[in-house]
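The values are calculated or read from the model by the stated rules, or taken from the named source; none is laboratory data. Bear in mind that the values here come from a model prediction, so they are computed numbers and not experimental data. Positions of Cβ are generated from backbone atoms using ideal geometry, with glycine treated the same way; all protein chains shown enter the neighbour counts. Heads up: the accessible areas ignore ligands, DNA and RNA and are worked out on the full protein's heavy atoms, side chains in. Shrake-Rupley method; radii C 1.70, N 1.55, O 1.52, S 1.80 Å.
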2 protein chains.
Amino acid sequence: MTTETQARDTIFIGKKPLMAYVTTTLIQLANLSSVYIKARGMSIGRAVDVAQIISRKTENAGFAIGTIKIDSEQLESKDGKLRNVSTIEIEVKRNTA
Amino acid sequence: MTTETQARDTIFIGKKPLMAYVTTTLIQLANLSSVYIKARGMSIGRAVDVAQIISRKTENAGFAIGTIKIDSEQLESKDGKLRNVSTIEIEVKRNTA
């Protein structure tokens, strides 16, 4: 989880402005052929937004949506109970064509 | 868009309680081998929740997440401008195994 490689090819979506994540993702894509945009719970819609902005704006330059995975994670809520939270992972990759 | 077949195999996620969509999806899956859960904008996270609840609760009975697609749609906002809204489509299908 803390290896340098994994930290670099994964962008976690939180509460920053949308375009901050778009920029971060594009910077990583300058060095890597594919990156993963991850989010959970309320941020899932924003992860889709980030991926869509990138694929729309770079239509010709060539980044495309790759594999999309959804899953659940167990998190402890404030009252100490375990709750399931949905997660998403969207691959964005350089077009090979 | 309005053919009877398509209306039946697609569940659009809106503002009803989450379990209402889980029930609707399970009813459709009793007749069909795969259905599509669709949502846009703010409802995208809820679509992932619905799909996850179904795959988690029916682990043995056997429904699984299939192909996931994300896209954008242009919608006219209240001020008359066109805005891009992200969409998601999650396939839920009967396990053939």
Under a 10 Å cutoff between Cα atoms, tell me which one of B:35, B:50, B:85 has the largest fluctuation in the Gaussian network model of chain B. B:85
Applying the Karplus parametrisation 6.51 cos²θ - 1.76 cosθ + 1.60 with θ = phi - 60° to the phi angles of region A:59-69, what ³J(HN,Hα) value in whole Hz is obtained for each residue in order, glycine and proline being reported as x? 3, 8, 4, x, 10, 10, 6, x, 6, 10, 10
Mind grabbing the accessible area of residue B:67 for me, 1.4 Å probe, Å², rounded to tens? 80 Å²
Relative to the longest principal Cα axis of chain B, at what angle does helix B:44-57 sit, 0 to 90 degrees, rounded to 10? 0 degrees
For chain B, the longest principal axis of the Cα atoms and the Cα long axis of helix B:18-31 enclose an angle in degrees, to the nearest 10, of 60 degrees
Filter the trypsin sites (Lys or Arg not before Pro) in region A:12-97 to those in DSSP coil with at most 11 other Cβ atoms within 10 Å of their Cβ, and list the result. A:15, A:78, A:81
Put the label 7 Å from Cα along Cα→Cβ for residue B:12; what are its distances to the other copies, in nanometres, shortest first? 3.6
Once B and A are treated as a pair rather than alone, how much accessible area drops out, both sides summed, in Å² to 100, probe 1.4 Å? 1300 Å²
Which Rg and Dmax, in Å, describe the Cα atoms of chain A? 14.3, 51
With one decimal in nm and the nearest listed first, the spacings from residue B:57 to its own position in the other copies, using label points 7 Å along Cα-to-Cβ, are 4.0
With θ set to phi - 60°, apply the Karplus curve 6.51 cos²θ - 1.76 cosθ + 1.60 along region B:75-80 and write out the HN-Hα couplings as whole Hz, x wherever there is a Gly or Pro. 10, 8, 7, 4, 7, x
Label spacing, shortest first and in nm, from residue B:34 to its equivalents in the remaining copies (7 angstrom along Cα→Cβ): 2.0
Would you mind working out the accessible area per residue for chain B, using a 1.4 Å probe, and quoting it in Å²? 64 Å²
With springs connecting C-alpha atoms under 10 Å apart, model chain A as a Gaussian network and identify which of A:71, A:49, A:79 has the largest mean-square fluctuation. A:79
Given the whole protein assembly as supplied and a 1.4 Å probe, what does the accessible area of residue B:73 come to in Å², nearest 10? 70 Å²
What is the average number of partner chain Cβ atoms found within 10 Å of a Cβ in A:65-72? 5
Region A:16-97: relative contact order as a whole-number percent, Cα under 8 Å and 6+ apart: 36 percent
Could you please report the charge total around residue A:13, scoring K, R as +1 and D, E as -1 over all other residues with beta-carbon less than 13 angstrom from its beta-carbon? +3
Among chain A residues, which Cβ is nearest the axis of the A-onto-B rotation, and at how many Å? A:68, 2
Compute the convex hull volume of the Cα atoms of the protein assembly as shown, divide it by the residue count, and report the result per residue in Å³ as a whole number. 180 Å³
If the chain between residue B:57 and residue B:91 were fully extended at 0.36 nm per residue, the gain over the current Cα-Cα distance would be 10.6 nm
Based on the Cβ-Cβ distance of residue A:42 and residue B:8, what FRET efficiency does E = 1/(1 + (r/R0)^6) give at R0 = 25 Å, to the nearest 0.05? 0.25
